[in-house]
Amino acid sequence: MAYDRLLYKNMSGSGGPEDSCPRATMNIDLNIDNRQRALDEFMYGPANPAQDDVGGNAEFWQSYADKFNDSVENVMTMRCENCTFFDRSPEMLECIAMGIGDEGDPDQSIEGGELGYCQALDFKCASQRVCFAWAGRR
Ligand code: SF4
């Protein structure tokens, strides 16, 4: 599917100011459902990327490398942050912040988790994670 079609599918369409935002940025249940699919079908992870530096995710990374028939060192460079589907445009970050709303500090949530929106799997993902749908960008 072409990128522009991915970008505009699943918009909320409710007529509000969030009309141009993907539905999963506004609907936590939908976001969780889509993230679960990423976990189940695309090996989205690791659960806690902060453990990478101390070797806490070694099992995850070895399993992930085995799937790609590649080295751990190489697959660890294939993160959401350099995936073509990772969207941290100002407009998308505004959508994410609106979706978080009063239930938390949007800036802290977005920057703390380095959140963006996955245009391929339709959920809010974190820059230091990976998944099978990764597509490198230049
Ligand atoms: S497709 Fe890309 S941005 Fe989406 S979860 Fe996978 S690696 Fe992250």
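Each reported figure results from applying straightforward, stated rules to the coordinates on display, with no laboratory input. Computed from a predicted model, the values in this text were never measured in an experiment. With ideal geometry, Cβ positions are generated from the backbone for all residues, glycine too; neighbour counts draw on all protein chains shown.
When you look at PHE123, is it closer than 21 Å to ALA24 by Cβ and of a type in the set (A, V, I, L, M, F, W, C), yes or no?
The answer is yes for PHE123.
Restricting attention to the stretch 59-85, report how many residues are away from the ligand (no atom under 13 Å from the Cβ) and without any contact (Cβ under 8 Å) to a residue 24 or more places away in the chain.
Counting residues in the stretch 59-85 that are away from the ligand (no atom under 13 Å from the Cβ) and without any contact (Cβ under 8 Å) to a residue 24 or more places away in the chain gives 13.
Go through (1) within 15 Å of the ligand (Cβ to nearest atom); (2) in contact with a Gly (Cβ under 8 Å, 6 or more places away or on another chain) for GLY45 and report which single condition fails.
If we test GLY45 against (1) within 15 Å of the ligand (Cβ to nearest atom); (2) in contact with a Gly (Cβ under 8 Å, 6 or more places away or on another chain), just (2) comes out false.
Restricting attention to the stretch 107-127, report how many residues are closer than 23 Å to GLN36 by Cβ and without any contact (Cβ under 8 Å) to a residue 40 or more places away in the chain.
Number of matching residues: 7.
Just for the stretch 48-58: of the residues that are assigned to a helix (DSSP H, G or I) and away from the ligand (no atom under 16 Å from the Cβ), which one is farthest from GLY113 (Cα to Cα)?
My answer is ALA58.
Among the residues of the stretch 44-64, write down those that are within 27 Å of ARG138 (Cβ to Cβ) and surrounded by fewer than 17 Cβ atoms within 10 Å (Cβ to Cβ).
Correct list: ASP52, ASP53.
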